[in-house]
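No lab work stands behind these numbers, since they all come straight from the coordinates. Here the structure is a predicted model, which is why all the values come from computation and not from measurement. FYI the Cβ positions are ideal-geometry reconstructions off the backbone, even for glycines, and counts take in every protein chain you see.
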Amino acid sequence: MSKGICVAGNMIVDTVYFTKGWPKQGTLSHIRGGTDRTTGGAVCNTIIDLAKLAPTMPLYAMGRIGEDADGDLILQKLGEHKNIDVSKVIREGKSAFTMVMQDTISNERTFFTCMSANERFCEDDIDFEKLDCDIFHIGYVLLLDALDQPDAEYGSKMARLLHDVQQRGIRTSLDVVSEDSDRFRTLVPPALRYADYCIINEIEAGGATGIPLRDADDKLLVENIPKALKRMKEMGVSTWAVIHTPEGGYGLDERDNYVSLDSLRLPEGYIQGSVGAGDAFCAGVLCAAERGEDLRTAIELGIGSAAASLSEPGSTEGMRSEAEVRELYRRLR
């Protein structure tokens with residue numbers, strides 16, 4: 001019987017601002033139309049997407065939110081799904097929030113975030129004796145201050161946490177935030193040693209492995225992706241190393257078989273926002289992993305889930321049922 005998935009880590013409220021173009025530093029750009037206020041972060045995005053994909057799968061949210069209106073909004077949104085258990089969410093202080101600047105020309109987004117309650121989420125917040133799930137997914141490395149701290153034995157507090165989860169016979173999964181810094185090489189490798197699954201984008205994979213995945217013209221270096229995936233496995237990922245990009249999804253499975261699948265051919269005007277596409281891809285892969293499906297099937301579901309997410313401006317509004325996502329994949333591949 002399925003024990004489902006626990007999703008831990010960042011719980012955030014996003015306010016999305018739509019701009020027409022991105023200004024040079026020191027100049028002005030207009031915000032077009034209204035703003036969207038919605039939940040975000042690894043926990044909110046991934047677990048809501050999972051709930052929509054698989055309404056009967058047991059799901060458990062774990063993290064810290066504030067005793068404020070933003071915290072109320074997070075619990076309200078998660079509470080709309082009967083299979084999401086929020087009993088382990090801790091409330092204290094102020095909720096984390098992010099200003100998301102969505103460029104309607106390039107469909108790229110930029111984030112300005114304040115972590116607040118998320119900064120304090122740590123291993124002491126988890127009752128390991130009562131942790132009972134098939135997969136424990138956590139995100140994001142580089143955005144959980146307490147877990148990004150060094151640990152003398154394991155390299156980082158995040159690595160120690162993942163080690164302790166694995167010791168209970170639970171599979172672990174890891175996600176990373178895209179950050180313009182050199183912290184990838186110090187904080188991600190310790191955690192990878194205790195990850196059964198790692199599902200990240202090309203920026204994060206390049207930062208963690210040191211293998212460039214885009215050139216100076218922002219072209220994807222497809223020939224380097226197998227090298228980066230192999231390096232992720234060498235760094236400790238035991239089962240699936242997965243990289244998602246706008247161009248496609250790629251992975252190495254438990255037997256080091258390489259999977260490479262193109263993104264879907266989306267109709268002109270289809271993309272309404274890209275805020276939650278990466279988390280949607282991750283949710284699709286995790287859904288398939290929890291059910292024991294192979295990596296190719298998982299990446300297909302991830303690509304279809306990301307495409308569904310792109311159809312709406314918010315982080316999770318575009319996600320559909322698994323049957324609808326698979327039909328979307330078949331129709332647009």
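Some values worked out for this structure:
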quantity: Around Q102: net Lys/Arg minus Asp/Glu count, Cβ-Cβ under 15 Å; calculated: -2
quantity: Those lysines that a straight Cα-Cα span of less than 30 Å connects to K82, excepting residues fewer than 8 apart in one chain; calculated: K3, K52, K94, K130
quantity: Candidates N107, N83, N45, ranked by Gaussian network fluctuation over the chain, Cα under 10 Å, top entry; calculated: N107
quantity: Local electrostatic count, E234, Cβ distance below 13 Å [Lys/Arg +1, Asp/Glu -1]; calculated: +4
quantity: Over the chain - Rg/Rh using Cα atoms and the Kirkwood inverse-distance radius; calculated: 0.93
quantity: The chain: most fluctuating residue of S181, S116, S260 per GNM, C-alpha cutoff 10 Å; calculated: S181
quantity: Descending semi-axes in Å of the range 154-235, equivalent ellipsoid built from Cα gyration tensor; calculated: 25, 13, 9
quantity: Residue (of I135, A208, A228) at the positive-pole extreme of the range 122-265, dipole from beta-carbon charges; calculated: A228
quantity: Cβ-based exposure ranking for H81, H30, in which fewest neighbours within 10 Å come first; calculated: H30, H81
quantity: Net charge of neighbours whose Cβ lies under 14 Å from the Cβ of C114, counting Lys and Arg as +1 and Asp and Glu as -1; calculated: -2
quantity: Gaussian network model of the chain, springs between alpha carbon atoms under 10 Å - residue of D215, D14, D253 with greatest fluctuation; calculated: D215
quantity: Separation of alpha-carbon centers, the range 291-313 and the range 211-277, rounded to whole Å; calculated: 13 Å
quantity: Ellipticity estimate at 222 nm from DSSP helix runs (n ≥ 4, -39,500 (n - 2.57)) divided over the chain, nearest 500; calculated: -9500 deg cm²/dmol
quantity: Residues Y194, Y258 arranged by fewest to most Cβ contacts within 10 Å; calculated: Y258, Y194
quantity: Whole-number percent relative contact order across the chain, with pairs defined as alpha carbons under 8 Å at least 6 apart; calculated: 15 percent
quantity: DSSP bridge pairs, the chain: antiparallel proportion in percent, nearest 5; calculated: 40 percent
quantity: Unpartnered cysteines - no second Cys beta carbon under 4.7 Å - across the chain; calculated: C44, C114, C122, C198, C282, C287
quantity: Charged-residue dipole, Cβ positions (Lys, Arg, Asp, Glu), the range 148-260 about Cα centre, Debye nearest 20; calculated: 420 debye
